[in-house]
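FYI, it's all coordinate maths here, none of it is from the lab. Predicted model only: the values in this text are computed from it and were never measured. When we count neighbours, we look across all protein chains shown, and the Cβ atoms used for this are built from the backbone with ideal geometry, even at glycine.
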Amino acid sequence: MNFLKSGIKTVLGAPEPGQQPSVAETVERLVERASNSTLLEDRRDACRALKALSRKYRLEVGAQGLDTLRQILELDRADNETINYALDTLNNVVSPSQFEDEEDKPHIPMNIGDQFTEMFIKDPHNIQLILDLLDEYDFRVRLSAVQFLISLLTNRTKDIQEIILDKPMGVSKMMDLLGDTREVIRNETLLLLIKLTKGNANIQKIVAFENAFDRLFEIVSSEGYSDGGIIVEDCLLLMLNLLKNNSSNINFFKEGSYIQKMLPMFNIPEESEEIGWSPQKVSNLHCMLQLVRTLVSPSNSAQIISNCQKIMKNVGLLDAMCNILMASGVPADILTETINSVGEVVRGEGSNQEFIGNVIAPSYPPRPAIIVLLMSMVNEKQPFPLRCAVLYCFQCYLSHNEMSQANLVQTLLPSSSDVALLMLLSQWMSHCPAAVSAFLQVPGGVGYLVNQTSSNEHDDNECLLQGLSAFLLAICINFNDDSVASYTRDSLKQLLLKRVGMELFCAKLGEVSRHELYNKAAKHPQLRVASPKEVLIDYEFCRLFKSLESVLGHSLAERRANGAEADEAELEQYKALIRQQDARLHELVHQLDALAGQARELQSTLNDSLAANSLLKDENTLLKAQVSANSIPIQPKPTQPDPKLVQYEERMLQLNGEVFRLNEEVTRLNGEVDRLNGELKTAKDAEKNSAEELEKLKKDQDDLLYLLANYDSKTNEYKMRLLQLGEPVEDDEPAEEDNPT
């Protein structure tokens, strides 16, 4: 402090005896000298003195000297030392943190740095002055400019981002600093870019297309990958900023073959268990795992996720993460994050799921890695976050994996009241008729769900269990392919209506979404709980329930409300069909009778023709006999034939032609009769089937009417109970007004 006072005396001169100036007066004189002195040395000394005062008296220095310091940056740019003092003074004035020298001054606002930042950036040209100073190669000027921008971004991130976006080459100037050979400037530039790219997609795209990933991976490689220092962590944090929720940059990262460059980060030496894991190595690997999860995050598009998953498997990244899972001596938090990462890499991707299913753990006897993970999940001695991670990974392994779902469903019996079991069954059986069929074949499964749904227990967790049972029962109905004869969709629906009732079913289903733990779990994909007691519902189940609750409830409710009308309409349809078939049957009978009469007439005519033909043959024979018996010699070549004989022969030819024609007509009519007999038989069979179907529909309608009457009776009974308890009761339908007489 004495040195500071002596320095100020050198600049301002010694005060008169008994007239010690105040801090405000001292600052005012220094600001005036820095602004009005014609000698550069005087202005430089004034800036140095202001820098010395700015840590303890930043309020006075900022209030009086902010404009002067900005002016110095513009006018005295040729003198690097003066510029450095001005930048350091401004950085102290806008610093977002409190200095130790200010702790004894409670009157200074905590956000004083933010207020001075707002004053400085009112003129966007001031930011351009700082960006121009980044071109200065002088170590102190460049470093001070970067640190000043970091402080400004910390206080007013969005405002500074918008200003820099409007400045040409602003982002490019900062990116060029990553190539500075002086590591201090390079490292400070990493912190600057982390602040700059936070939450701004446009700046993220500009930085990414300025070859940021190439430069960052070069730095990570030179620093030793996961064994490097905090610089590796800063590079990975900057990559996370560039990729998170930015599909354009993720595509650029994927297509630029940068996923392959991540692989060396996961190479764990065999002697790592003996060497141990330093805290920085844990942080580095944790950031890299976060980078993996960002690329395959469920919030990305399905196409991006699938492409990244396939690349990670093809380049060996999935295999490397599995090696970390099976390695010894891996810290618990790294193991937990690796399990979460592996889960999201295999989620919904069949080939990756098959790969993880075939990984064998180095145990004796050898077991599949997925089994070892499940064993650790049920082991209460394992850290609770690790067990939650295994559960999440297991859900990802089963996602859209119908074969594994069906196989696992067959091994699970709903014989306990464990809520988690019902959640797993719901996940596996939704949209999977094969899993539903496997479950319906398990003895006692449906009965358990019906009993739980109709239970009257009022404990909070019991209500949740009843709601989940109702949800799973609705899934069994909605995704039923009727492959199990004893539990078809219609039979399960009737069972639900008779044993539970639609009103009670909807009430039970609504208990799930009203549960406190449901609302907590629905906010984030990964489990974030403090104790095992809070793990009743997870995020994926909440998504499934939210997507299916209204669909299942409305579907069943509409079937019940519209069941009688639908059956009545179907009944009328069958009646109309029967009437149509009956009319067609009568028409065919009339046609058959007419054809039969016509056939009888033709047969009679044919018989008459045959009789006449036979008579003519007899007469012809008689005539020939008479001719032979006469004594009149027969001329060998009579000039004129016997007219009577010619007449008989012509008559015989005519009758033979008529007989042939009538035979053909009879054959045709016989074929038509056979066809009509066939149609008549078909019509009678259809009439019989329609009559049987009509009887069945009448029986179903009677059952529905019985159920509706029973429901109305119970409703009236509940209304009477409510009235006896003094509760208001509203009618379901408005009362009808009496017609005036």
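Pop the C-beta distance of Asp135 and Arg543 into the FRET formula with R0 = 56 Å and round what comes out to the nearest 0.05.
About 0.65, to the nearest 0.05.
If each residue of separation counts as 0.36 nm, what is the full-extension length gain between Met169 and Ser35 once their alpha-carbon separation is subtracted?
45.2 nm
How many nm is it between the label spots at Ile108 and Asp582, if each spot is 7 Å from the Cα in line with the beta carbon?
10.3 nm
What FRET efficiency comes out for the pair Ala420/Asp123, r = Cβ-Cβ distance, R0 = 56 Å, nearest 0.05?
E(calc), rounded to 0.05, equals 0.40.
Relative to the compact-globule scaling 2.2 N^0.38 Å, provide the ratio for the alpha-carbon radius of gyration of region 185-333.
This ratio for region 185-333 stands at 1.03.
If you stretched the chain out fully between Gln280 and Gln98, how much longer would it get, using 0.36 nm times the residue separation minus the C-alpha to C-alpha distance?
62.8 nm
Mind pulling the per residue volume of the convex hull built on the Cα atoms of region 79-227? Å³ is fine.
133 Å³
Measuring from centroid to centroid over Cα atoms, what is the spacing of region 162-194 and region 705-725 in Å?
The distance from the Cα centre of region 162-194 to that of region 705-725 comes to 75 Å.
Along Cα→Cβ, 7 Å out, is where each label goes; now give me the distance between the ones at Ala201 and Lys310 in nm to one decimal.
About 2.5 nm, to one decimal.
Just to be sure I understand the model, the point goes 7 Å from the Cα along the line to the Cβ. What's the resulting Gln71 to Lys520 distance in nm?
Once both label points are built, they end up 6.1 nm from each other.
What's the local net charge at Gln603, with K and R +1, D and E -1, over the other residues with C-beta under 15 Å away?
Here the charged neighbours net out to -3.
For Thr682, project a label point 7 Å along Cα to C-beta. Then give me every residue of region 573-590 with its amide nitrogen under 20 Å of that point.
Correct set: 577-590.
At 0.36 nm per residue, and after removing the present C-alpha to C-alpha distance, how many nm does the segment from Glu650 to Lys698 gain when stretched out fully?
10.1 nm
For a footprinting-style exposure proxy, rank Glu270, Glu136 by other Cβ within 10 Å, fewest first.
By the 10 Å Cβ count, ascending, the order reads Glu270, Glu136.
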